[in-house]
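A short worksheet on the structure shown next.
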Amino acid sequence: MPSFTIANEKCQSRGLIVLAQVGVTQATEAALQREGVIVPPPLPIEFKIDTGADRSVITETYVQRLGLKPCGTCNIATASDPSMACFEYAIRFYFPNNVTWQGAVIATPGNQIQCLIGRDVLAHAVLVYIGYHNLFSLSF
Amino acid sequence: MHHPLETELQTFAQLEPQLAATRGGLYVLVKDRDVIGVFQKQYDAIEEGYRRFGNEPFLVKKITTARRKKFA
């Protein structure tokens, strides 16, 4: 089972943070190659694992920089809007240790958190958090 | 502002009740006014969307399971 482990003394104060990359899915890559378009390279991004979020969310600027088009819509509840309409995009996460995940995530205009990993991604994984050692691991 | 999936959402809204009767819980791929297919997994529908349409907007939606009528 592919996995990675992060040890960070700020796990408690900052949360479960992973510095990794985000890019286009294999399906997008194949489509772009067929069209003779250069496949954009993965972009560095900060992921935050949030077991309280049902869906994963990425800041809109990343999907714009990857040149992606929407593949779905959904409504999410935020502090200021109980039903904010958003687009979904197909995306691939490149975690450490060659661990990858691809699927549809929601894009929002906010930029405080670059990418929140919610339970839709965690549903495919095993998350182990050992608080007193300030480390966590994610296996897919 | 132009909504890139406006036509697809209208198509889905029109067809969801009949899809829900038999295909509830599955994922439908819609492009313009056409239902392209119904899939078990969301990513399978996305993959098919990219295969057929390239990097163009298309809609993948989960079909809500039809609710049974309550009798008094």
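A:GLN102 meets all of the listed conditions (1) under 15 Å from the mean Cα position of the chain (by Cα); (2) assigned to a loop (DSSP other than H, G, I, E, B); (3) under 19 Å from B:TYR43 (Cα atoms) but one, namely (2). Only a single criterion out of (1) modelled with pLDDT of 95 or more; (2) of a type in the set (Gly, Ala, Ser); (3) within 30 Å of B:GLU8 (Cβ to Cβ) is not satisfied by A:SER80, namely (1). Please verify whether A:ALA7 is surrounded by 14 or more Cβ atoms within 10 Å (Cβ to Cβ) and either of a type in the set (A, V, I, L, M, F, W, C) or free of Cβ contacts under 8 Å to residues at least 60 places away in the same chain (or both), treating the condition exactly as stated. For A:ALA7, the condition - surrounded by 14 or more Cβ atoms within 10 Å (Cβ to Cβ) and either of a type in the set (A, V, I, L, M, F, W, C) or free of Cβ contacts under 8 Å to residues at least 60 places away in the same chain (or both) - is not met. For segment A:100-113, filtered to residues that are in contact (Cβ under 8 Å) with a residue 40 or more places away in the chain and surrounded by fewer than 11 Cβ atoms within 10 Å (Cβ to Cβ), the residue that is nearest to B:ASP32 (Cα to Cα) is A:PRO109.
Screening the candidates A:LEU127, A:LEU116 for the property of being within 16 Å of the chain's Cα centre (by Cα), in a strand (DSSP E or B) and surrounded by fewer than 20 Cβ atoms within 10 Å (Cβ to Cβ) yields one hit, A:LEU127. Among the residues making up segment A:58-99, those that are without any contact (Cβ under 8 Å) to a residue 60 or more places away in the chain, part of a strand (DSSP E or B) and not aromatic (Phe, Trp, Tyr) are A:ILE58, A:THR59, A:GLY72, A:THR73, A:CYS74, A:ASN75, A:ILE76, A:MET84, A:ALA85, A:CYS86, A:GLU88. The residue of segment B:35-46 that is nearest to the other protein chains (Cβ to nearest Cβ), among those that are aliphatic (A, V, I, L, M) and part of a helix (DSSP H, G or I), is B:ILE46.
The residues on offer are A:GLN26, A:GLN33, and the sole one that is without any contact (Cβ under 8 Å) to a residue 24 or more places away in the chain and either surrounded by fewer than 21 Cβ atoms within 10 Å (Cβ to Cβ) or under 19 Å from A:LEU138 (Cβ atoms) (or both) is A:GLN33. Restricting attention to segment B:11-34 and to residues that are farther than 14 Å from B:ILE63 by Cα and over 10 Å from the mean Cα position of the chain (by Cα), the residue that is nearest to the other protein chains (Cβ to nearest Cβ) turns out to be B:ASP32.
The values are calculated or read from the model by the stated rules, or taken from the named source; none is laboratory data. Keep in mind that this is a model prediction, so the values were computed, not measured. Here the Cβ is made from the backbone with ideal geometry for all residues, glycine too, and neighbour counts use every protein chain on show.
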